[in-house]
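In what follows, a structure is listed as structure tokens, so that the remarks can point back to it.
The values are calculated or read from the model by the stated rules, or taken from the named source; none is laboratory data. Note that the structure is predicted; figures quoted are calculated from it, not measured. When we count neighbours, we look across all protein chains shown, and the Cβ atoms used for this are built from the backbone with ideal geometry, even at glycine. Each accessible area value is taken on the protein alone, full model and side chains, heavy atoms only, with ligands, DNA and RNA left out. Shrake-Rupley method; radii C 1.70, N 1.55, O 1.52, S 1.80 Å.
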Amino acid sequence: MAALCAAAPAQGAERALELVTPPGGSAKVRMGGTIAVPSGDRVCFHSEDQMAGSPSNGNVIYQDGFCAERGASGWTTSWVTRPTGLGVANGSHVLFADPDGPSVVFVTDNPVEPVAGGSLNSYLRSPSGTTWLTPQEVAGADNAARDRIALAASTDLSYVVFMSRLNLVPGDTNGVDDVYAWVGGTIRLVSQVGGQAVGGRVTRMKEGTGGLAMPGTVSRDAVRTFFQSASPELPNAEVGVTSVYVSEAGVARQIARRPESAPVANVAFFGASEDGDVAYVTSTEALTADPKQTGLAVYRSTIASGATELVATQAGGVTPLAVSRDGSTLIYTADDGGLRLYAARTGQKVD
């Protein structure tokens, strides 16, 4: 017993509280926007407080983005969304951080060269400098201020997805929302057929300027990108309803294809595994031969095989909440005489 008692303090002594933000800083840290890398040695956050060289102008009311990194002598905070010109604006937010390096993607309406500010634009800040990820249209005929926010990114931040109705490449002349990707310095159309824009949208966790794309929209290696579209020009499209597509090697194909005899309804992307091999979609439509109850149901689609299975259906519909990183589990709620929480695992259908 004595040996056991002696070991306990040693284990506890290895754990310690560490001050991440600079000493003397206030508690005005917005934890809802926190990004922590898996190692725990780097944390990005938003704050209204002055720190790491940020000025008081604009920071008492509006937030800015910072990253703190653990080193041999403790934590050091950097102002990673610093603009090239200062002014009162809506502030800045860190959106994504490279887990293996110091690079971040952030959005701001402050001036960052070559942009004068005024509308939300996204940037990659890395050791080599700052890169504008969401440029204006090539023709320059309509450069009105329009928000352009990075919505999803590959793990290494070399591939960043956003939406725009501006004509950013010659193949985009439709004047509606399209899905784009910034790829190592070039802009590519994602929602396209034969190089021509067909219109498409990324499914967002929250509509409006604050909503990022659903998890898994871009696979961690950037091989697959998921989007929604009602364009009749896309493969297997149904007129008047939305379908879900995966873009791979520049080719878009429909996932969770409808049975030919089924009445059609919108299909929406809900999430995917990190490797992009499994995707979940929602619809009130029966997408398989499995018995489906009324209301919204959730289907699981395996991308390589094209197989689709019903994983969640209840009378009155279900509400999906989350997908596990490996795509094996869906968490959802359903009201079956009382609101209950369910987990649908691989190979299971909960009804």
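Filtering region 63-85 down to residues that are part of a strand (DSSP E or B) and of a type in the set (D, E, K, R), which residue is least open to solvent (accessible area, probe 1.4 Å)? Quick ask: steps written out before the conclusion?
First pass over region 63-85, keeping only residues part of a strand (DSSP E or B): 64-71, 74-79.
Imposing the further condition that a residue be of a type in the set (D, E, K, R) reduces the set to 64, 69-70.
Details: ASP64: 6, GLU69: 97, ARG70: 96 Å².
Only one residue fits best here, namely ASP64.
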**Report entry** Sole exception among (1) of a type in the set (Asp, Glu); (2) at pLDDT 85 or above; (3) open to solvent by 80 Å² or more (accessible area, probe 1.4 Å) for ASP98, by number
**Finding:** (3)
Requested in this report: Please identify the pairs in which a residue from region 74-98 that is under 17 Å from SER122 (Cβ atoms) has its Cβ atom under 7 Å from the Cβ atom of a residue that is of a type in the set (Lys, Arg) and at pLDDT 80 or above, counting only partners at least 6 apart or on another chain.
Outcome: VAL80/ARG125; ALA97/ARG42
Query - Residue satisfying condition, being hydrophobic (A, V, I, L, M, F, W, C) and under 21 Å from the mean Cα position of the chain (by Cα), within set ALA237, ALA197, ALA222 - result: ALA222
Report task. Enumerate the pairs (first residue in region 162-187 and surrounded by fewer than 13 Cβ atoms within 10 Å (Cβ to Cβ); second residue anywhere and modelled with pLDDT under 90 and part of a loop (DSSP other than H, G, I, E, B)) with beta-carbon separation below 9 Å, excluding pairs fewer than 6 apart on the same chain, so at least 6 apart or on different chains. Result -> PRO170/VAL138; PRO170/ALA139; THR173/ASN167; GLY175/ARG165; GLY175/LEU166; GLY175/ASN167
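For the structure I just gave you, tell me whether ARG146 is at pLDDT 90 or above and basic (Lys, Arg). Break it down stepwise before answering.
On the way: at pLDDT 90 or above: no; basic (Lys, Arg): yes.
The answer is no for ARG146.
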Query raised in the report: Just one of ALA265, ALA344 is surrounded by 20 or more Cβ atoms within 10 Å (Cβ to Cβ) and either touching a strand residue (DSSP E or B) at 6+ places or on another chain (Cβ under 7 Å) or assigned to a loop (DSSP other than H, G, I, E, B) (or both); which is it?
Result: ALA344
**Report entry** One residue from THR346, THR313 being more than 19 Å from MET205 (Cβ to Cβ), of a type in the set (Ser, Thr, Tyr) and at pLDDT below 90
**Finding:** THR346
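Check region 310-322 and report whether any residue there is more than 27 Å from the chain's Cα centre (by Cα), surrounded by 15 or more Cβ atoms within 10 Å (Cβ to Cβ) and farther than 28 Å from ALA252 by Cα. First the steps, then the outcome.
From region 310-322, those more than 27 Å from the chain's Cα centre (by Cα) are 314-316; that's our starting set.
Applying the additional criterion that residues be surrounded by 15 or more Cβ atoms within 10 Å (Cβ to Cβ) yields 314.
Cutting the leftovers down to farther than 28 Å from ALA252 by Cα gives us 314.
Yes, because at least one residue in region 310-322 is more than 27 Å from the chain's Cα centre (by Cα), surrounded by 15 or more Cβ atoms within 10 Å (Cβ to Cβ) and farther than 28 Å from ALA252 by Cα.
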**Report entry** Subset of region 279-309 (residues that are of a type in the set (A, V, I, L, M, F, W, C), open to solvent by less than 50 Å² (accessible area, probe 1.4 Å), without any contact (Cβ under 8 Å) to a residue 40 or more places away in the chain and more than 16 Å from GLU260 (Cα to Cα))
**Finding:** VAL281, ALA297
Report summary line: Counting only residues in region 120-143 that are surrounded by 13 or more Cβ atoms within 10 Å (Cβ to Cβ) and modelled with pLDDT under 75, the one farthest from ALA197 (Cα to Cα) is identified as GLN136
Query raised in the report: Could you say which residue among VAL244, VAL202 is under 21 Å from ARG257 (Cα atoms), at pLDDT 95 or above and not hydroxyl-bearing (Ser, Thr, Tyr)?
Result: VAL244
